[in-house]
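Note sheet for the following structure.
The values are calculated or read from the model by the stated rules, or taken from the named source; none is laboratory data. Values in this document were obtained by computation on a predicted structure and should not be read as measured data. FYI the Cβ positions are ideal-geometry reconstructions off the backbone, even for glycines, and counts take in every protein chain you see.
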Amino acid sequence: MKSLAIFFTLSLALVLIISTVTGEGEISLEAAETPREVTWDTPCIDLGQTCVKGESDCQCCRDNAVCSCSWLFRSHCTCQVFDARASYDTCLIKVNCPNRHKWDRGSKTCPKPCESKHCSGK
C-alpha cells in the first residue's frame, strides 16, 4: 500500500512537470505562429499556388479564393475556389481586403449565385 502511494505521488509530480514544460513551449509557439497582417502592399497568391494556412484569405488572388489544405498533408496548402455558394460567402468576407487592387478587382460587389430552378433553364 505504501509503494502504491509513492507511485501515485511520483506520477503526479511527473505529470505536473511535463505540463509545465509543455505550457511554456506552447506559449512560445503561439507567439511564433502569429499570422502576418495583410496590408495594402501585401502581394496576392494565384490559384493553385502555395499559401499559408491560418493567415487571412486576402493572401489569395480573386474574390472567391481561399487558402485550403489537403486533408492528408496538412502542410500542403494552396489557394482554391469551391462551389458557387461557398464562393459567394468568401467574396462577402473578402470584399474589404486591403490588397484587393492586387487581383485587379476594383468593384466591391459579389455576384449572388442563382440557386433556383428558374436559373438553370428548367
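A few points about this structure:
- Yes/no for GLN59 being of a type outside the set (Val, Ile, Thr), modelled with pLDDT of 90 or more, within 22 Å of LEU92 (Cβ to Cβ) and under 19 Å from the mean Cα position of the chain (by Cα): yes
- Filtering region 45-76 to residues that are aliphatic (A, V, I, L, M) and buried (at least 18 other Cβ atoms within 10 Å of the Cβ) leaves ILE45, ALA65, VAL66.
- Restricted to region 61-75, and to residues there that are touching a residue at least 12 places away in the same chain (Cβ under 8 Å) and assigned to a loop (DSSP other than H, G, I, E, B), the residue that is nearest to PRO43 (Cα to Cα) is CYS61.
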